[in-house]
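Undergrad: I have a structure here, written as structure tokens, and I will follow up with some questions on it.
The values are calculated or read from the model by the stated rules, or taken from the named source; none is laboratory data. As the structure is a prediction and not an experimental result, all values here were calculated from the model. All Cβ positions, even for glycine, are placed from backbone atoms using ideal geometry, and neighbour counts span all protein chains on display. Heavy atoms of the whole protein, side chains included, go into the accessibility calculation; ligands, DNA and RNA do not. Shrake-Rupley method; radii C 1.70, N 1.55, O 1.52, S 1.80 Å.
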Amino acid sequence: MARLDKKAIINAATTYLKQHPEEMLRAVKGAFGLRFGVPLDALRYFARELTGGKKMPKDIQIDSVPPGIRIAMTVEAPGGTSLRVSLCLFIEEINITADELRVGTRISEMNLKVLDGFQTPVAALVQSGALDLSKPGNLVAFIPKRPALIVDAKDDRIVIDALKIPKVADNPKIRKALAVATPVLHVRAIRSKDDHLDVHLRTSLSGISTAYAAARS
């Protein structure tokens, strides 16, 4: 997997802002509405930089389908079969606290296409049309030894909790940041709009004392 170069990221961001000066005005307007937008171009950039490994997804495409995003990528399935995967992803539930980083997603319009490679059981299953792609959560639920961060999967919904990953849960910087920020700052929603992924926030002044105590501990 390719490693991100901080200098390259800064240069890319600077170049992008020079080419899109309207982003600064959008950011100012968003700040007044407790909203900040991540350009989908930024996600596309990171997708390109992080897909250098042989087993990593390739040719990743990210597009806005408000309020969600459409993602397409080429992956290598077990046995050496190349698949083209596409789906629409919608974030419907967000709960971020000191003890939970939970995000509930809904997946629709999922499609799998065999591109090339060996005629493996995976390829045969995809080509047969036997998979119910309208309920990807049910498919994920039957994955043996599925990742710990997937806490629920049913029908078209998949729920993840990043704090179920030991390396994340045991990271003192992450736990400290959550303890300080979450009492006063909450994520209401994440929605796409105008080729951006907008994060909508709300504040709670009643949590200031809790956040202050966490910062000092």
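Undergrad: Suppose we keep only residues that are of a type outside the set (Gly, Ala, Ser) and without any contact (Cβ under 8 Å) to a residue 60 or more places away in the chain within the range 27-37. Which one would you say is least open to solvent (accessible area, probe 1.4 Å)?
TA: It comes out as Val28.
Undergrad: List the residue pairs whose Cβ atoms are under 7 Å apart, where the first residue sits in the range 98-111 and is within 14 Å of Val65 (Cβ to Cβ), the second is assigned to a strand (DSSP E or B) and open to solvent by 50 Å² or more (accessible area, probe 1.4 Å), and the two are 6 or more positions apart or on different chains.
TA: Pairs that qualify, where the first residue is within 14 Å of Val65 (Cβ to Cβ) and the partner is assigned to a strand (DSSP E or B) and open to solvent by 50 Å² or more (accessible area, probe 1.4 Å), are Thr105/Ile91; Thr105/Glu92; Thr105/Arg157; Arg106/Glu92; Arg106/Arg157.
Undergrad: When you scan the range 38-86, how many residues do you find that are open to solvent by 30 Å² or more (accessible area, probe 1.4 Å), within 27 Å of His200 (Cα to Cα) and in contact with a helix residue (DSSP H, G or I) (Cβ under 7 Å, 6 or more places away or on another chain)?
TA: 4
Undergrad: Residues being over 26 Å from Leu205 (Cα atoms) and either touching a residue at least 40 places away in the same chain (Cβ under 8 Å) or more than 16 Å from the chain's Cα centre (by Cα) (or both): count how many of those fall in the range 165-182.
TA: 6
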